[in-house]
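A quick write-up on the structure given underneath.
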Amino acid sequence: MNTNTNISSKSNALRLVVLGAGESGAGAAYLAQQQGYDVFVSDFGAIADKYKVQLQEWNIPFEEKQHTEDQILSATEVVKSPGIPDKAPIIKKLKESGVPVISEIEFAARYTDAKLICITGSNGKTTTTSLTYHVLKKAGLNVGLAGNIGKSFAYQVATQKFDCYVLEISSFMLDNMYNFKADMAVLLNITPDHLDRYDYKLENYAASKFRVAQNQTAEDYFIYCADDPETIKGMAQREFKARLLPFSIEKKVEPGAYLEDQDMIINTSQEHFKMSITELALQGKHNIYNSMASGILAKVLQIRNADIRESMADFQNIEHRLEFVAKISGIAFINDSKATNVNSTWYALESMSTDVVLILGGVDKGNDYSMLKELVKQKVKAIVCLGKDNKRIHDAFEDDVDVIVNTQSASEAALVAYHLATKGDTVLLSPACASFDLFKNYEDRGNQFKQAVKEL
């Protein structure tokens, strides 16, 4: 039995059980203990050594590789990892027993008065969250970064005193958020992703994304993309109490953000902000949207135009997202391993201004590659498949690309792509698939690719 038996008796305390002992689970357990709960942590898989050591140091009882039902079902409340689906047997039993199941974000928000800026969407979340954090921190705000990125929100609430947080929020987190309220909510876009968790219905996934605006009042802000059809469709079916601030590159929206020739204009109740899109650190159409969302947030928080401009020009994008690796013999190598769905790869290709050798493949989540066909015809001279089963990629693109090659490792993929490319081309790793067939995760895939490029 894989259990840490150091169980302290807190007979009168409310019992909080945390399911999943990753970054969010360990953080939630720490905060719960600090708030006087009787805490127990249970993980159906093996717990990483880093978190096991933390739980032992904090004297928090835990188990791994099992769920002991009587320990779990006796909970007053359960905080579950976003990775555990509602269909999991233990979650079904908890719901049947009437035990509330919430997310770490919902739990931690009870114990902070900080302003909460919540960013969600199918694509661009991490980039927009990181850019917003960069802008706010550089402007001197006492700001934390959490959610799907960085340190656990709960752990920061327990150990730090930030005035505001920028939170990257996934649909899986939103599914278990009920009383939580965002002071400023951003919905970047809604495109098919993770539909296996939503009965393969886009409207279920969209409903999850719109939870970012639940409980908002007239004092709050809802920032959204006016060019995104699913967002606009979903908004027509809902009522919003918050102040609405759209952004668009197709039309003028006021108040909000829009494009005028080559200038990004942000017009809120604060003074106007104007910046040429050629000066933005993040290039490509999708990144104009991300920059607009961040810019609106910065203006609402009354950050000076000069500070916003400087931060938007010097921002370094996150690792594994359109990350420049090297230029070898005039060929640029770009690591976009974080592109685990077709939409992300579409955005990557859309931002390319040269011919491309595209490295695609991995674990296909029922991908529909048809949306890539037009861009592949225009820009891609060869496809290098990096995955165990590449049949669907061959089927999708055999009429659009002359060369499609199968590879089984990052080093082989980088070498083959290098030989297929010529001076002036870009080798783009943007797989459109999850990475679990050949790699631990997308970071491992990106790091192995970068290492392989350095060895060319």
query = Hey, got a sec? Which GluC sites (Glu not before Pro) in region 243-286 land in a DSSP loop and have at most 14 other Cβ atoms within 10 Å?
reply = Glu250, Glu271
query = When all alpha-carbon pairs of region 82-223 are counted, what percent fall beyond 19 Å?
reply = 52
note = If the chain between Asp389 and Thr159 were fully extended at 0.36 nm per residue, the gain over the current Cα-Cα distance would be 78.2 nm
inquiry  = Could you check the spin-label model distance between Val53 and Met371? Points 7 Å from the Cα along Cα→Cβ, value in nm.
reply    = 4.1
query = Could you state the principal axis extents of the C-alpha atoms in region 131-176, from the largest down, to the nearest angstrom?
reply = 33, 24, 14
note = Using the Kirkwood formula on alpha carbons, the hydrodynamic radius of region 241-281 in angstrom works out to 10.6
task = For n ≥ 4 DSSP H runs only, could you compute -39500 (n - 2.57) per run for the chain, divide by its residues and tell me the 222 nm figure to the nearest 500?
result = -9500 deg cm²/dmol
ask   = Hey, got the dipole for region 204-344? About the Cα centre, +1 on K and R Cβ, -1 on D and E Cβ, debye to the nearest 20?
value = 360
key: Selection from Asn341, Leu141, Leu358 lying farthest towards where the dipole of the chain points positive, charges on Cβ   = Leu141
Aspartates and glutamates whose Cα lies under 20 Å from that of Lys381, excluding same-chain neighbours fewer than 8 positions away = Asp336, Glu350, Asp355, Asp395, Glu398, Asp399, Asp400, Asp402, Glu412, Asp425
note = antiparallel share of DSSP beta bridges within the chain, to nearest 5, in %, is 25
query = Which whole-number value in Å² is the accessible area per residue of the chain, probe 1.4 Å?
reply = 42
ask   = How far apart, in nm, are the 7 Å Cα→Cβ label points at Glu455 and Lys151?
value = 3.6
message = I'd like the accessible area for Leu145, computed on protein heavy atoms only with a 1.4 Å probe and all protein chains in place. Round to 10 Å², please.
response = 40
task = Rounded, prolate or oblate: pick one for region 316-456, where a ≥ b ≥ c are the square roots of the eigenvalues of its C-alpha gyration tensor, a/c under 1.5 means rounded, and failing that, prolate if a/b is larger than b/c, else oblate.
result = rounded
key: Cα-based Lys proximity count in region 249-367, under 21 Å, for pairs eight or more positions apart or on separate chains   = 11
Gain upon complete extension [Ile232, Gln378; 0.36 nm per residue less C-alpha separation] = 49.6 nm
query = According to a simple spin-label model (label point 7 Å from Cα along Cα-to-Cβ), what is the distance in nm between Glu319 and His419?
reply = 3.0
message = If I compute solvent accessible area with a 1.4 Å probe over the protein chains, what percent of it on the chain is carbon and sulfur?
response = 48
task = Express as a percent, rounded to the nearest 5, the fraction of DSSP beta bridges in region 11-168 (both residues included) that run antiparallel.
result = 0
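The values are calculated or read from the model by the stated rules, or taken from the named source; none is laboratory data. What you see is a predicted model; the values in this text were computed from it and never measured. Glycine also receives a Cβ, built like all others from the backbone with ideal geometry; neighbour counts cover every protein chain displayed. Only protein heavy atoms, including side chains, enter the accessible area calculation; ligands, DNA and RNA are left aside. Shrake-Rupley method; radii C 1.70, N 1.55, O 1.52, S 1.80 Å.
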